[in-house]
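Structure record follows, encoded as structure tokens.
The values are calculated or read from the model by the stated rules, or taken from the named source; none is laboratory data. Please read all numbers here as calculations on a predicted model, not as lab measurements. Cβ coordinates were reconstructed from backbone atoms using ideal geometry, including for glycine residues, and neighbour counts include every protein chain displayed.
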Amino acid sequence: MKILAIETSCDETAIAIIEAQKVGAKTKFKILGNDLSSQIALHTQYGGVFPMMAKREHEKNIISILEKVLTEAKMFKKIKTPISDIKKQTKINKILDRENELKILWREIMPFIKKPNIDAIAVTTGPGLEPALWVGISFAKSLSTYWDIPIVPVNHMEGHIFSIFPKKGNTFTIDSNQKIFPMMSLLVSGGHTELIQIKDWMKYKKIGQTRDDAAGEAFDKVARMLGLPYPGGPEISKLAAIERFVEPFKSSSSHPYESIILPRPMIHSKDYDFSFSGLKTAVLYLIRDLRKINPDILEEKNIIKQKIAREFEDAAIEVLTAKTIKAIKEYEIKTLIVGGGVSANSYLQKIINEKIKENKLKTRVHFPSKKLTGDNALMIAIVGYFQYKNKKIAKNINAIKAQGNLSL
């Protein structure tokens, strides 16, 4: 069967088409088309994502992305005489009431596109920015109405769990008989930090989550304090990596601000929850105190920026790793999946792998390929297929809503 997936939970407009074929316990997947439009360049100017701006960009881009993906999948066919179905168009107009720009583009383009050979539409319904989510949902509803194709609502975080399966090339296989359970997923992104226990396929139990800021959010906010551009995570990591590299070559003479120590919030708590707000505030106070000594302290050849970046990254990753290792031991985890935007952090990958080895754990660790650490439609398509097989098809598409705080 063929699944078309739509992802608009934040600032990436993404669409993918996959073909899935079940052979015994194995499901073989082929990526027929996959593309996205990133809004990073736009939001960088403002230091973060503005939901209504993200919504407008999704409206502008989503049909052109669909055309590219259909073309890649060899499913794009234009027709000279537009399809005219007044009853369907009336329904679509109502669906697109809140997406005026998308409604205009729909009228100009969609009636000239022939229905592709698609069995189901998977769409992210949450969690995420609700204005952004609504664009993808409204588009999915319109396509469902126009092409008479069922919709499968998908949880964005479940997508990150399945993002580890595609690797190189356009094909991959998921074996349901593979002995990978019990499994654990550490989901770390700009909006979420969660530890999810996975006892079996599609069966989840959240054992820990952030009580305030997510890890990725803390990275971005600390980067802003240091005057670094958005997105801040990669910028923090670059400075931290420089500091780690130069440390062995430093002279014996110490720098006047050599000792920078930040807290490791909740690292010794008995639960599996996280807290990064206090760590972020500690950086804020540290910068305030340093500026009292020297107002231009952060302009000093970036040495202090590097030190703060390194200590912040060390602290955040130490907490993430400590909680994860503790959970692996308690729940006797065979497989660890790390997903979400922060999973691209090379230092996080290094430390988790080192701690697994240091603790002599037999747990296998999986990270997504770098291009799938961020938001993408391919992971939504995979989940959509399995949810379709589990008969999680929307019975009434009008009941599908954007759920900004949707939980696994």
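Quick look at the values:
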read-out: Number of positions in region 353-408 that are in the same structural domain as ILE18 (by TED's automatic domain parsing) and on the phi > 0 side of the Ramachandran plot; value: 1
read-out: Some residue of region 227-240 being small (Gly, Ala, Ser), closer than 21 Å to ASN345 by Cβ, touching a helix residue (DSSP H, G or I) at 6+ places or on another chain (Cβ under 8 Å) and part of a loop (DSSP other than H, G, I, E, B); value: yes
read-out: Some residue of region 329-347 being of a type in the set (Asp, Glu), assigned to a helix (DSSP H, G or I) and surrounded by fewer than 23 Cβ atoms within 10 Å (Cβ to Cβ); value: yes
read-out: In region 353-408, the residues that are polar (S, T, N, Q), surrounded by fewer than 17 Cβ atoms within 10 Å (Cβ to Cβ) and assigned to a loop (DSSP other than H, G, I, E, B); value: ASN359, SER369, ASN390, ASN396, ASN405, SER407
read-out: Tally of residues being more than 20 Å from ALA399 (Cα to Cα), assigned to a loop (DSSP other than H, G, I, E, B) and free of Cβ contacts under 8 Å to residues at least 60 places away in the same chain across region 86-130; value: 2
read-out: Scope region 271-281; condition farther than 24 Å from SER346 by Cβ and either part of a helix (DSSP H, G or I) or modelled with pLDDT under 95 (or both); matching residues; value: SER277, GLY278, THR281
read-out: Residue in region 56-74 that is within 30 Å of PHE219 (Cβ to Cβ), assigned by TED's automatic domain parsing to the domain that holds PRO131 and either basic (Lys, Arg) or part of a loop (DSSP other than H, G, I, E, B) (or both) present; value: yes
read-out: Conditions (1) within 24 Å of LYS389 (Cβ to Cβ); (2) touching a strand residue (DSSP E or B) at 6+ places or on another chain (Cβ under 7 Å); (3) modelled with pLDDT under 95; number of the one not met by GLY24; value: (2)
read-out: Candidate set from region 14-32 (those that are closer than 30 Å to GLY232 by Cα and touching an Asp or Glu at 6+ places or on another chain (Cβ under 7 Å)); member that is surrounded by the fewest Cβ atoms within 10 Å (Cβ to Cβ); value: ALA14
read-out: Residues satisfying the stated conditions in region 147-176, i.e. in contact with a helix residue (DSSP H, G or I) (Cβ under 6 Å, 6 or more places away or on another chain) and either surrounded by fewer than 20 Cβ atoms within 10 Å (Cβ to Cβ) or aromatic (Phe, Trp, Tyr) (or both); value: PHE162
read-out: Test: residue in region 86-103 that is hydroxyl-bearing (Ser, Thr, Tyr) and more than 30 Å from the chain's Cα centre (by Cα); value: yes
read-out: Matching residues in region 41-80 - criterion: being among the aromatic types (Phe, Trp, Tyr), surrounded by 16 or more Cβ atoms within 10 Å (Cβ to Cβ) and at pLDDT below 90; value: PHE50
read-out: First in region 192-206 and buried (at least 19 other Cβ atoms within 10 Å of the Cβ), second anywhere and among the polar types (S, T, N, Q), Cβ under 6 Å, 6 or more apart; value: THR193/THR210; GLU194/GLN209; ILE196/SER185
read-out: Some residue of region 242-263 being modelled with pLDDT of 90 or more, hydrophobic (A, V, I, L, M, F, W, C) and either in the same structural domain as TYR388 (by TED's automatic domain parsing) or not in a loop (DSSP other than H, G, I, E, B) (or both); value: yes
read-out: Conditions (1) surrounded by fewer than 24 Cβ atoms within 10 Å (Cβ to Cβ); (2) in contact with a Lys or Arg (Cβ under 9 Å, 6 or more places away or on another chain); number of the one not met by SER138; value: (1)
